[in-house]
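Report on the following structure.
What follows is calculated from the coordinates using simple rules that are stated; it is not laboratory data. Keep in mind that this is a model prediction, so the values were computed, not measured. Because the Cβ atoms are built from the backbone with ideal geometry, glycine has one as well, and the counts that use them run over all protein chains shown.
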Amino acid sequence: RAPLSVSLRARGLRVGYGGFTALDGVDLDVRPGRVTAVVGPNGAGKSTLFHCLAGTLRPSGGRVLLGGRDITRLPAHARTRLGIARTFQQLAVFPSLTVAENVRVGAEQGRTADPEAAERALRLLGLDGPVRAFPAAGLPTGTLRRVELARALAGSPRVLLLDEPAAGLDAPEVTALARVLRALAADGTALLVVEHDLDLVADLAHTVHVMVAGRVVTSGPADRVLERRYGG
Ligand code: ADP
Ligand code: MG
């Protein structure tokens, strides 16, 4: 088994949709204990990059590496088993299952298949009260985002990929999310966040990559990259 702390790396990733180049040679490292953020305008290729890392899209060129291992050709479910967990921009919970059942599915699909990890994830996300027995259908967006995150964490991932985790959350929910993500990074998880909320990115990320038209055009510490972006 690979060590608990491991980096996910993209090298020279290229993706074309028909004649259109969506990723034009992207390099990026997602390191243990760090929050790495990808920002950029709509259409920049952020979700395409995310799909290549998660295994839901096969790049036409370049490689994805987990530690020393080339996982470019591994499908998503096999990457989940290796400890790469993700959440979905469009929420993807099972509506007829309860909150706790949804989270246990994540434990079964994950790296360790440890039911205790599901309980820990429920507690970490504040879902261990009466809400654990509620069907997911009809729960508010903020709660469903926490169910998604708990489901991802229930597999004890080493790498956590989050596409727009703050979408649809109110300010106190964003603050609570930031606290959880910071704690995960402090525990050694490698986090990648694709996010529109630049205040959250500035608050959370160690390294920020700015994508434009399929390329990373600027990378660096959050304070420097975002300051430049705002023209400060
Ligand atoms: P972002 O997440 O940064 O908004 P995307 O990765 O979703 O960007 O999209 C990058 C570009 O690729 C956009 O121009 C988008 O229209 C195009 N695109 C995304 N998915 C597809 C697809 N399945 N088929 C054709 N073009 C696509
Ligand atoms: Mg997107």
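Odds and ends about this structure:
- Helical content of the chain, expressed as a calculated mean residue ellipticity at 222 nm, amounts to -10500 deg cm²/dmol (DSSP H runs of 4 or more residues, -39,500 (n - 2.57) each, divided by residue number, nearest 500).
- Pairwise Cα inverse-distance average, inverted: Kirkwood Rh of segment 94-222 (Å): 15.4 Å
- Computed from point charges on the beta carbon alone (+1 for Lys and Arg, -1 for Asp and Glu), the dipole magnitude for the chain about its Cα centre is near 860 Debye.
- Note on segment 62-203: dipole from Cβ charges, positive end direction compared against ALA183, THR112, ALA92; the farthest Cα belongs to THR112.
- When the chain is described by a simple charge dipole with +1 on each Lys and Arg Cβ and -1 on each Asp and Glu Cβ, the residue from THR48, VAL194, VAL103 located farthest towards its positive end is THR48.
- Distance histogram in 5 Å bins (all Cα pairs of segment 92-170, percent per bin): 3, 19, 30, 25, 17, 5, 0
- Dipole-positive endmost among GLY62, GLY83, ALA136 within the chain (Cβ charges, Cα centre): GLY62
- Across the chain, C-alpha contacts under 8 Å between residues 6 or more apart give a mean separation that, scaled by the residue count, equals a relative contact order of 28 percent.
- Computed about the Cα centre, the dipole magnitude for segment 100-191 is approximately 140 debye when only Lys and Arg (+1) and Asp and Glu (-1) carry charge, each at its Cβ.
- Among beta bridges that DSSP assigns inside the chain, antiparallel share in %, nearest 5: 60 percent
- For segment 1-129, size of Cβ-based charge dipole, Lys and Arg +1, Asp and Glu -1, in debye: 480 debye
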